[in-house]
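Reviewing the structure listed below.
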């Protein structure tokens, strides 16, 4: 009887150890980003701090998640803002642009350079990576493609993602699935903090009086060997009104084996006129991003 009891105790102990290991692994594989967002309330005319919590799935996209977490911890995403690229209007973007103290929009660079390209964890990149779909509430790594092709046929650009996130505002076409690395998700249950925050961000980006139109464009000579220096091009971002006066002959137009991301594009930036001020100011800003 004592031997049976001892055997039973040993089995229970082994099961507890195994369960603990699995729990630790699960904790390691799913990290959570807590984003504190200051959002303008158009009813009360005040900024309010809200929270958006995003679960990062390291077991599905280890290379991408580890890189994103490192960027968060070094403060790379500080001063960046949510915006909509009009060419891809069904998603909100974050990461590659930020505001300076004098309210100009610049590229988010690391010591004057773009972040290194990330080897994408997604099925069509021959990597057993994320199997998450591009539904609303998902977060993916934006990437580029050659202008003569598209994201499916530009094989050489599948590792062109760097640090920019895209966040669908509705369920995107299934054509995206498998071609981009979806590395995280956030819960959108009605009444949740995430739902409230996300709805507020989308509302500001969907209401004409609550956003400002800017145009991003590049000038100069394209050099494929200078990938971390905009391929030799110079970044520019001005209000779309001011862009009307830009000499279009100076604006770079990609062709052939040049990246489509360097074509000019218009963005919606959440900005409102607060009080009686004569100029608009950013209405959605990130106060902090922490890894939990």
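Every read-out reported here was derived from the displayed coordinates using simple, explicitly stated rules and does not represent laboratory data. Bear in mind that the values here come from a model prediction, so they are computed numbers and not experimental data. Cβ coordinates were reconstructed from backbone atoms using ideal geometry, including for glycine residues, and neighbour counts include every protein chain displayed.
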query = Counting alpha carbon pairs within less than 8 Å and at least 6 residues apart, what relative contact order, in whole percent, applies to the range 31-148?
reply = 18
ask   = How would you rank 68, 118, going from fewest to most other Cβ atoms within 10 Å of each one's own Cβ?
value = 118, 68
message = Need one number: nm distance between label points at residue 253 and residue 106, each 7 Å from Cα along Cα→Cβ, rounded to one decimal.
response = 3.1
request  = Return one number: the angle in degrees, 0 to 90 and rounded to the nearest 10, between the long axis of the Cα atoms of helix 62-73 and the longest principal axis of the Cα atoms of the chain.
outcome  = 70
Inter-probe distance in nm under a simple model that places probes 7 Å from Cα toward Cβ, at residue 156 and residue 195 = 4.8
key: Cβ-based exposure ranking for 280, 268, in which fewest neighbours within 10 Å come first   = 280, 268
ask   = Angle between the Cα long axis of helix 193-206 and the longest principal axis of the chain, 0 to 90 degrees, nearest 10?
value = 20
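Sorted from largest to smallest, which semi-axis lengths in Å does the alpha carbon gyration tensor of the range 161-292 give for its equivalent ellipsoid, taking the root of 5 times each eigenvalue?
Sorted largest first and rounded, they come to 30, 24, 14 Å.
Would you calculate a helix-derived [θ] at 222 nm for the chain, using -39,500 (n - 2.57) for each DSSP H run of n ≥ 4 and dividing by the full residue count, to the nearest 500?
Details: 4 runs with 58 residues, N = 292.
Result for the chain, helices only: -6500 deg cm²/dmol.
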request  = Return the label of the correct value of P(r) over Cα pairs in 10 Å bins from 0, in percent, as calculated from the structure shown, out of [x] 6, 20, 25, 24, 16, 7, 2, 0; [y] 6, 27, 36, 22, 7, 1; [z] 6, 25, 32, 21, 8, 4, 2, 1, 0, 0.
outcome  = [z]
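Quote to one decimal, in nm, the extra length available between residue 41 and residue 238 on full extension: 0.36 nm per residue of separation minus the C-alpha distance between them. Walk me through the intermediate numbers first.
Details: separation 197, 0.36 × 197 = 70.92 nm, distance 2.60 nm.
Full-extension gain reported as 68.3 nm.
Report the relative contact order of the range 31-291, percent, no decimals, based on alpha-carbon pairs under 8 angstrom and at least 6 residues apart.
Values: 580 pairs, mean separation 68.2, N = 261.
The value is 26 percent.
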key: Computed label-point distance, nm, for sites residue 170 and residue 203 using a 7 Å Cα→Cβ extension   = 2.0
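Which ordering of 237, 181 is given by a fewest-first count of other beta-carbon atoms within 10 Å? All intermediate terms of the calculation are to be shown ahead of the outcome.
Details: 237 17, 181 29.
By the 10 Å Cβ count, ascending, the order reads 237, 181.
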